[in-house]
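Accompanying notes for the structure given below.
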Amino acid sequence: MYKDKILKLLKSSKSGFVSGEELAMKLGISRTMVWKHIKALEREGFGIEAVPSQGYRITVLPDLLRQAEIKQGLKTRVMGREVHLYSETASTNSLAMEMASKGAPEGAALIAETQTNGKGRLGRKWISPKGNLYFSVVLRPNMPTHKAPLITLMGAVAVAAAIRKTCGVQAAIKWPNDILVSGKKVSGLLTEMSAEPDRIRHIALGIGVNVNTALDELPLDVRECATTLAAAAGKKIDRTMLLQQILHNLESWYQVLLTSESDLLKEWEALNTTVGRKVAVSGLSETLEGLAQGIDSEGRLVLRLDDGSVRHVAAGDVTILKGRQSEK
Ligand code: BT5
């Protein structure tokens, strides 16, 4: 697309300026066409100044994801091989499940600027204001159904490592599907699956990350336990770079999961904040308290209860107990 090429040239100019003539020549179009594309960019929220004898220059970069930009810097083979970008959708996970059932390839990524019905686990909501990342990836793993929870752990490794690398903040995984920064939730993962009794048909791995949105865009009860990467890092975060890094990490950790599960679990242990802590795990029917000892080969939390018995917990919400203080 000419618009994306113009943006690339403007962004890479040392002085900031590129003349209309140069843009026209490099793109092989007329100066009038260049001007039309500049106007189209302005309609998308870019501020572009035209200075006589110097040319065009970007003055305002809107915080918008662009499909071409996402694709341009992506060096993956599978993850993001198809990128579908929406300004709004109900839930990227619902969309991914639907597209997967219609044959979308493994690695297809569905991304939205905002969700009107973002989903958490167990019918809970994921609040999805603009300025963050909401996306789902279609997976078709050749693994037995009971191993599916490992997909969430794999995704958590990919996200926590990407946050550390791109934003320089110490993200940590709280079993099973939270990423915390300074004890507050910055990201959540939702794995949905279509399966036969012993075979996974497809999975939608959904990832929500609070990136640049103002904290007061989150409702009070959520805000108490949540934060954003911009707040934690003290600067605006490049969402495209973060998304690309997550897709890149997903590509490598997914392969590790499929070929050498124990290596994935080792990395998960290195990035997690649950194991070794005294925790309370509330499930559907009971709440258990004990020492989190590790995770097993099906992604379950191994909990040693106060009476010395050991339980393998498949699902639940963990509260990390630190004396009288606690973090969800
Ligand atoms: C999750 O559930 O954490 C899974 C979140 C997955 C969201 C992604 S976005 C892309 C894809 N499409 C979807 O529709 N979903 C996925 P759970 O562990 O059940 O946590 C839900 C709880 O987190 C809520 O009940 C709130 O307390 C809290 N919460 C909701 N929105 C939040 C936000 N933006 N930031 C932090 N916490 C939030």
Ignoring ligands, DNA and RNA, what percent of the 1.4 Å accessible area of the chain is carbon and sulfur? 50
Just the number please: accessible area per residue for the range 8-51, 1.4 Å probe, all protein chains included, in Å². 61
Calculated FRET efficiency, residue 48 and residue 241, Cβ-Cβ r, R0 22 Å, to nearest 0.05? 0.50
Could you work out the relative contact order of the chain, using alpha carbon pairs under 8 angstrom and six or more residues apart, expressed as a whole percent? 14
Taking only protein heavy atoms and a 1.4 Å probe, what accessible area per residue, in Å², does the range 245-328 have with all protein chains in place? 51
For the chain, inverting the pair-averaged 1/r of distinct alpha-carbon atoms gives a Kirkwood value in Å of 21.3
In degrees from 0 to 90, rounded to the nearest 10, what is the angle of the helix 31-43 Cα long axis to the longest principal axis of the chain? 40
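Is the shape of the range 194-239 rounded, prolate or oblate, going by the alpha carbon gyration tensor and its root eigenvalues a ≥ b ≥ c, with a/c under 1.5 for rounded and a/b larger than b/c for prolate?
prolate
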May I ask you to derive the FRET efficiency for residue 25 and residue 60 from their Cβ-Cβ distance with R0 = 30 Å, giving the value to the nearest 0.05? 0.70
How many percent of the alpha carbon pairs in the range 78-147 exceed a separation of 13 Å? 64
Euclidean distance between Cα centres, the range 94-128 to the range 7-38, Å: 37
If I fit a long axis through the Cα atoms of helix 239-259 and take the longest principal axis of the Cα atoms of the chain, what angle between them do I get, 0 to 90°, rounded to 10? 40
Looking only at the range 33-141, where both bridge partners belong to it, what percent of the DSSP beta bridges are antiparallel (to the nearest 5)? 65
If a/c stays under 1.5 just call it rounded; otherwise compare a/b with b/c (prolate if a/b is bigger, oblate if not). Do that for the range 68-195, with a ≥ b ≥ c from the square roots of the Cα gyration tensor eigenvalues. rounded
Could you report the range 196-241's accessible area per residue, 1.4 Å probe, as an integer in Å²? 49
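At 25 °C and 0.890 mPa s, grab the translational diffusion coefficient of the range 1-153 from Stokes-Einstein with a Kirkwood Rh over Cα pairs, rounded to a whole number in µm² per second. Provide the component values of the computation, followed by the final result.
Numbers: Rh = 18.1 Å.
Reported coefficient: 136 µm²/s.
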Of the beta bridges DSSP finds with both residues in the chain, what % are antiparallel, to the nearest 5? 90
Return the distance in nm (one decimal) between the two label points of a simple spin-label model at residue 266 and residue 145, each offset 7 Å from Cα along Cα→Cβ. 3.2
Which FRET efficiency value, to the nearest 0.05, is calculated for residue 280 and residue 252 with the Förster distance at 35 angstrom and r the Cβ-Cβ distance? 0.55
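The values are calculated or read from the model by the stated rules, or taken from the named source; none is laboratory data. Source: prediction; values computed, not measured. Reconstructed Cβ throughout: ideal geometry from the backbone, glycine too, with neighbour counts over all protein chains shown. These accessible areas exclude ligands, DNA and RNA; they are computed on the full protein's heavy atoms, side chains included. Shrake-Rupley method; radii C 1.70, N 1.55, O 1.52, S 1.80 Å.
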